[in-house]
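Trainee: Dropping the structure in here first, questions after.
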Amino acid sequence: MVGSSWASPLYNSPDSEVAELKYIVSKSIDIDVAHKLPWHKGKCQKLHGHTLTIRVAVSSFKLDGNGIVVDFGQIKEFLNSIKDVLDHQYLNEIQGLVNPTAENICNWISTVFSVSCIEWGVSPEYIEVWETKTCCVRMEYS
């Protein structure tokens, strides 16, 4: 029965002896880019393009006064700031992305993502960069 007296046995309570619940919130955006990896022995050595899906996630053990971890709009603004720099660009010419592997794109994003997380009062959880529907790099924070 759900009502005002109902409580989950895993509810985040100071008296609780069960594990705390962690809320993870994520949002993604698609960005069209071009790059090449001159060191690569295959097709990626030549100029080619991707529609990257970039997903970021944050976490918190507590909800704010409105019952949320962070407003999705704040994450959207952050992702749009990344899109403003990278969308329809040749990544090899972006400062800090001379070798624009998916791993290095994650690292590049992480430098500003960590600052945003501090401003939002949440913990960074992970950054994902999907080059295709089946190829993804996920950088997790510990």
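Trainee: When you check residue 50 against the structure, is it touching an Asp or Glu at 6+ places or on another chain (Cβ under 8 Å), surrounded by 12 or more Cβ atoms within 10 Å (Cβ to Cβ) and more than 28 Å from residue 20 (Cβ to Cβ), yes or no? Spell out how you get there, then give the answer.
Mentor: Working: touching an Asp or Glu at 6+ places or on another chain (Cβ under 8 Å): yes; surrounded by 12 or more Cβ atoms within 10 Å (Cβ to Cβ): yes; more than 28 Å from residue 20 (Cβ to Cβ): yes.
Considered against the rule, which asks whether it is touching an Asp or Glu at 6+ places or on another chain (Cβ under 8 Å), surrounded by 12 or more Cβ atoms within 10 Å (Cβ to Cβ) and more than 28 Å from residue 20 (Cβ to Cβ), residue 50 comes out as yes.
Trainee: Given the criterion surrounded by 13 or more Cβ atoms within 10 Å (Cβ to Cβ), under 20 Å from the mean Cα position of the chain (by Cα) and part of a loop (DSSP other than H, G, I, E, B), identify the matching residue among 58, 33, 69. Can you show your working first?
Mentor: Working: 58 fails: part of a loop (DSSP other than H, G, I, E, B); 33 fails: part of a loop (DSSP other than H, G, I, E, B).
Result: 69 is the single residue among 58, 33, 69 that is surrounded by 13 or more Cβ atoms within 10 Å (Cβ to Cβ), under 20 Å from the mean Cα position of the chain (by Cα) and part of a loop (DSSP other than H, G, I, E, B).
Trainee: Outside any strand (DSSP E or B), surrounded by fewer than 12 Cβ atoms within 10 Å (Cβ to Cβ) and free of Cβ contacts under 8 Å to residues at least 40 places away in the same chain: is that true of residue 119 in this structure? Can you show your working first?
Mentor: Working: outside any strand (DSSP E or B): yes; surrounded by fewer than 12 Cβ atoms within 10 Å (Cβ to Cβ): yes; free of Cβ contacts under 8 Å to residues at least 40 places away in the same chain: yes.
The answer is yes for residue 119.
Trainee: Does residue 25 satisfy the condition of being outside any loop (DSSP other than H, G, I, E, B), touching a Gly at 6+ places or on another chain (Cβ under 8 Å) and either over 30 Å from residue 87 (Cα atoms) or modelled with pLDDT of 95 or more (or both)? Spell out how you get there, then give the answer.
Mentor: Working: outside any loop (DSSP other than H, G, I, E, B): yes; touching a Gly at 6+ places or on another chain (Cβ under 8 Å): no; either over 30 Å from residue 87 (Cα atoms) or modelled with pLDDT of 95 or more (or both): yes.
No.
Trainee: I'd like to verify a number: residues in the stretch 20-73 that are over 20 Å from residue 113 (Cβ atoms) and touching a Leu at 6+ places or on another chain (Cβ under 7 Å), how many?
Mentor: Number of matching residues: 6.
Trainee: If I filter the stretch 88-110 for residues that are in contact with a helix residue (DSSP H, G or I) (Cβ under 8 Å, 6 or more places away or on another chain), under 15 Å from residue 27 (Cα atoms) and either of a type outside the set (A, V, I, L, M) or modelled with pLDDT of 95 or more (or both), do I get at least one hit?
Mentor: yes
Trainee: Before we move on, is residue 134 over 23 Å from residue 22 (Cα atoms), touching a residue at least 12 places away in the same chain (Cβ under 8 Å), surrounded by fewer than 19 Cβ atoms within 10 Å (Cβ to Cβ) and not hydrophobic (A, V, I, L, M, F, W, C)? Write out each step before concluding.
Mentor: Details: over 23 Å from residue 22 (Cα atoms): yes; touching a residue at least 12 places away in the same chain (Cβ under 8 Å): no; surrounded by fewer than 19 Cβ atoms within 10 Å (Cβ to Cβ): yes; not hydrophobic (A, V, I, L, M, F, W, C): yes.
It is false that residue 134 is over 23 Å from residue 22 (Cα atoms), touching a residue at least 12 places away in the same chain (Cβ under 8 Å), surrounded by fewer than 19 Cβ atoms within 10 Å (Cβ to Cβ) and not hydrophobic (A, V, I, L, M, F, W, C).
Trainee: Right, next: Can you tell me how many residues in the stretch 31-43 are under 16 Å from residue 135 (Cα atoms) and in contact with a Lys or Arg (Cβ under 7 Å, 6 or more places away or on another chain)?
Mentor: 1
The values are calculated or read from the model by the stated rules, or taken from the named source; none is laboratory data. Everything numeric in this text was worked out from a predicted model, so none of it was measured. Quick reminder, even Gly has a Cβ in these numbers, built from the backbone with ideal geometry, and neighbours come from all protein chains shown.
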